[in-house]
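**Q** Sending over a structure as structure tokens; questions will come in a sec.
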Amino acid sequence: MQLLLSRCCLPLTITGSSLRVLALLVDLLAQGDDSAFDAVSSLCVLEENRDRAVLAGAVRVLTKKLQADAMVDHSLSLLALLSTSQNAVEQMTELALVFTLLKFLRRSTYQPNVENALVTIFNVSERDGSGLEFVSKEEKQKRTLTSVVVNGSEHAQTMALRILQVAAGSRR
């Protein structure tokens, strides 16, 4: 199914029965449809649509895509956007997404993806401290975030330092 949406119509607030449209878009996203990703991303620019995307299953679909090394760029950018939603953070915690993202950081050097992974880790860590145990363990064993501080882009370095500060603050 080819999905064509005019950017002039987006972002839209989703209400009532149009929530089914978002669920259909998430289903298409699960099938790897780039246009569905663009549409969901555009809709989620509006904060009120982020929780609806979470309810439609976006976090689970994107996490599975990331774990399968499929649609990595798309998944990381949309997860970073969704991570500002408390409902998304709860699902991300349930899915142990911080662990998945730390594993991803060990093998990735593409800075936009590194930055999006770090933004998501930071947002989850700030809103739900349970991911910090993964961060602390990862840092002790593999020094993944320290490596980003040394080798990452300026934004990645800043985000990695902020995550390390949050983790250090949680151990006090």
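**Q** Springs between alpha-carbon atoms under 10 Å, Gaussian network over the chain: tell me which of Ser41, Ser130, Ser108 tops the mean-square fluctuations.
**A** In this elastic network of the chain, the residue with the biggest mean-square fluctuation among Ser41, Ser130, Ser108 is Ser108.
**Q** Hey, another quick one. Per residue and in Å³, how big is the convex hull formed by the alpha-carbon atoms of the chain?
**A** Per residue, the Cα convex hull of the chain comes to 107 Å³.
**Q** For an R0 of 30 angstrom, estimate the FRET efficiency from the Cβ-Cβ distance between Leu95 and Asn151 and round to the nearest 0.05.
**A** Efficiency, from the Cβ-Cβ distance: 0.60.
**Q** What net charge do the residues around Ser75 carry, taking every other residue with its C-beta under 10 Å from that of Ser75, with Lys and Arg at +1 and Asp and Glu at -1?
**A** 0
**Q** Right, another one. Over the chain, calculate the relative contact order: mean separation of alpha carbon pairs under 8 Å at least 6 apart, over the residue count, as a percent. List each step's numbers first, then the result.
**A** Details: 191 pairs, mean separation 27.9, N = 172.
The value is 16 percent.
**Q** Taking H placed 1.01 Å from N in the peptide plane, check which residues at least 5 places from Asp33 or on another chain put their amide H under 5 Å from its amide H.
**A** HN-HN under 5 Å from Asp33: empty list.
**Q** Right, something else. To test your reading of the geometry: what angle, between 0 and 90 degrees and rounded to tens, separates the Cα axis of helix 58-67 from the longest principal axis of the chain?
**A** 50 degrees
**Q** Which lysines have a Cα lying under 21 Å from the Cα of Lys142, excluding residues fewer than 8 positions away in the same chain?
**A** Partners within reach: Lys103.
**Q** Oh, and also: Report the residue, chosen from Val124, Val26, Val72, that carries the largest GNM mean-square fluctuation when the chain is represented by alpha-carbon nodes joined by springs under 10 Å.
**A** Val72
**Q** Additional query: Using helices alone, what [θ] at 222 nm do you get for the chain, with -39,500 (n - 2.57) per DSSP H run of 4 or more residues, divided over all residues and rounded to the nearest 500?
**A** Values: 11 runs with 125 residues, N = 172.
Mean residue ellipticity, 222 nm, calculated: -22000 deg cm²/dmol.
**Q** For the chain, with a Gaussian network of springs between Cα atoms less than 10 Å apart, report the residue from Asn116, Asn151, Asn49 with the top mean-square fluctuation.
**A** Per the Cα network of the chain with a 10 Å cutoff, Asn151 tops the list.
**Q** Using a Förster distance of 22 angstrom, determine the FRET efficiency expected from the C-beta separation of Ser130 and Leu161, and round it to 0.05.
**A** So the FRET efficiency works out to roughly 0.55.
Coordinate-derived values only; no laboratory data. Here the structure is a predicted model, which means the values were calculated and not measured. Every residue, glycine as well, gets a Cβ built from its backbone with ideal geometry; the counts of neighbours run over all protein chains shown.
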